[in-house]
Amino acid sequence: MNNSVRNTTRLIGAGLRALLVLTVICGVIYPLAVTGIAQALFNDKANGSEIKDRSGTVVGSSLIGQTYNLPEQNPDDPEEAAKPDLKWFQPRPSNGLGTNSVNTQYSLILSGATNRSADNGAVGGQCTKDAEEGTLCAQVVAAKEAVIADNSTPSHTVEPEDVPADAVTSSGSGLDPNISPAYAGLQVHRVAERNGLTVAQVEKLVEENTQGRTLGFMGEPRVNVLELNTALAALAKG
């Protein structure tokens, strides 16, 4: 009986010592080591890839897309959608997510896709104006018309064939912070006109903020909209 108690006590003591050692190693030493390495070698990424304006104020993260809309005239009306503020470069569409009640300040805080097939609403295998309302094709057609109307200026007309796919479709997550150089280029004339800048100035801005393929072969060239708009704000202010 006494041996049984001693064995049990010894096993409990060993278990508690193992718990204490593993807690210190896994709960204190390891997290501190990983955090220290991340802060020393990847400080920007470890802190959320924050983007700051000229004053040093954090304006967002380069990893999460933002919308650039005008204030809603009647915020209490759920049917009234915010309109894009056309002085800024616009990101990919994100209306496939709908609204969220978790964080109303950021409409994109919930990640997700429409889960509709590429031919959802297609007529004769193509997306046309006859597409049924609420289908993906109807959204794409409406988005394309809006892109053409918003980006055509008195001195520059956007043609339907100039509109790239990412201008009218949302990403799988709905949080994509990047657009293609083609979509950024399509917006240059409108942004230049709205900000009192020359087309050459804005084209240079896009070129300076265009990132190539990762390691030269992975992914596609891209433009981070938040970084581009932050640079645009600095340029417009002189």
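No lab work stands behind these numbers, since they all come straight from the coordinates. Since this is a predicted model, take the numbers as computed values, not measurements. No Cβ is skipped: glycine too gets one built from the backbone with ideal geometry, and neighbour counts run over all protein chains shown.
Annotations for the structure displayed:
- Cα convex hull volume per residue for region 2-44 (Å³): 32 Å³
- Most to least packed among 50-61, 26-37, 179-190 [average Cβ atoms within 10 Å]: 179-190, 50-61, 26-37
- Computed on the chain, with alpha-carbon pairs under 8 angstrom and 6+ residues apart, the relative contact order is 18 percent.
- Fewest-first sequence of 222, 10 by Cβ atoms within 10 Å of each Cβ: 10, 222
- Principal-axis tilt of helix 225-237 within the chain, Cα atoms, nearest 10 degrees: 60 degrees
- Cut-off under 5 Å, modelled amide H: who pairs with residue 59 long-range: 51, 52, 53
- Angle in degrees between helix 199-208 and the longest Cα principal axis of the chain, rounded to the nearest 10: 20 degrees
- Note on region 154-203: with charges restricted to the Cβ of Lys and Arg (+1) and Asp and Glu (-1), its dipole about the Cα centre is near 200 debye.
- Counting every other Cβ atom within 10 Å of each residue's Cβ, 89, 217, 42 order from fewest to most as 217, 42, 89.
- Order by protection proxy (mean Cβ within 10 Å, highest first), peptides 162-173, 11-22: 162-173, 11-22
- For region 51-237, the convex hull spanned by the alpha carbon atoms encloses 151 Å³ per residue.
- Cysteines in the chain lacking any other cysteine Cβ under 4.7 Å from their own Cβ: 26.
- Note on residue 117 and residue 9: with the Förster distance fixed at 45 Å, the Cβ-Cβ geometry gives a FRET efficiency of about 0.10.
- Theoretical ellipticity at 222 nm over the chain - DSSP helices of four or more residues, -39500 (n - 2.57) apiece, nearest 500: -12000 deg cm²/dmol
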